[in-house]
Structure formats: C-alpha cells, structure tokens
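The values are calculated or read from the model by the stated rules, or taken from the named source; none is laboratory data. Source: prediction; values computed, not measured. Using ideal geometry, Cβ is built from the backbone for each residue, glycine included, and neighbour counts are taken over all protein chains shown. When the accessible area is computed, the model is the full protein with side chains, heavy atoms only, and any ligands, DNA or RNA have been set aside. Shrake-Rupley method; radii C 1.70, N 1.55, O 1.52, S 1.80 Å.
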Amino acid sequence: MTGTITKCQLAPWGAWCFTGTVTTTVTTTVWVIRSVHHDTADGWADALAAAAEPIRQFMYKQTQKNDVNFFMDISRTEWNGELADIPMSVLVPAFIINELRQAFIIGFLIYIPFIVIDMVVASTLMSMGMMMLPPTTISMPFKILLFVLADGWYLVIKGVVESFNF
C-alpha cells in the first residue's frame, strides 16, 4: 500500500513491511511470549494448554465485542459474554478483523496528506501549463520530505503500538 501511495513501484516495500511487522509484533507481545515460556516448561500438551490462555486473553483484549458476536453467529454458537466460552476458531478471526481495521485506519491517515500533495502539485502544474509533466515526478520529493519531517515511521509504529490494549 505504501508503494502505491508514494507512486514508487521499484522500492522493496514488501520486505520493509514484513520486517516492520515482525519487529512490532515481537515488541508488543513480548510479555505474552515470556509468560508462555515461563509457564510451559513440562511437555508439549501442557505447553499448548498453558500457552493458549495468555494468548486468548491478549487477543480478547484487542477484539471488539461485535466482531466476536459476528463470528459466534456464523459458527452458530451461543455466547454468554465470557472469554472462556469463546472457541479459538472464533477468537482468532475476530482478532484478525480488528487488526485489519486498525491497519486500514493507519493507512488512510497516511494516504490523506499524500493525496493533498498530489492535488496541489497537479493543479499547480496545470495552472502553469505543464500538462505533459507527470505530477508524481514533482510530488514524490515533497511526499518523502513530508514523511521525514513529520517523523513518519515513528508515527506509524506509535499508531500500531497504541492500537493495542494492554
């Protein structure tokens, strides 16, 4: 999405996004990983059972009740509002939907200033009679400058981390 916003198709955005995603995931869930590691030293069966509870609690804190209700309705399962009654087959998709929602919100907030820059540059070039010059040629340095001056990576990572409910 970032490559599309900045109109820079040759940059390795997939690798950058994957690295950022893994780093942010490990950073925000390190306490869950430590809890699982501390509680699960005996065997695989015990490890899976003990690991499920802190992970379930973490995912449940991040999900919205209407997402859980939606997936409970799809699975035709009754739910009384407690975490213990939610199967993992419902909790995981509800968590994923919530994370996708947060990602789209962050992406949209990044997209707005970039589209404003594109419109200003395009209208300026048109008013100067430079119709053959692609606006992205001129707007790209302004987008990069805006992202750097606004400390874009800090704001993106801050938005991701603050979207989690600890």
- Item | Residues that are at pLDDT below 70 and among the β-branched types (V, I, T), drawn from region 30-53 | V30, I33, V36, T40
- K61: among the basic types (K, R), under 18 Å from V161 (Cβ atoms) and either at pLDDT 70 or above or in contact with a helix residue (DSSP H, G or I) (Cβ under 8 Å, 6 or more places away or on another chain) (or both), yes or no? yes
- What is the number of the single condition among (1) under 26 Å from V161 (Cβ atoms); (2) at pLDDT 85 or above; (3) surrounded by fewer than 16 Cβ atoms within 10 Å (Cβ to Cβ); (4) among the hydrophobic types (A, V, I, L, M, F, W, C) that A94 does not meet? (3)
- Which one of the conditions (1) open to solvent by less than 40 Å² (accessible area, probe 1.4 Å); (2) within 25 Å of S163 (Cβ to Cβ) does M88 fail to meet, given that it meets all the rest? (1)
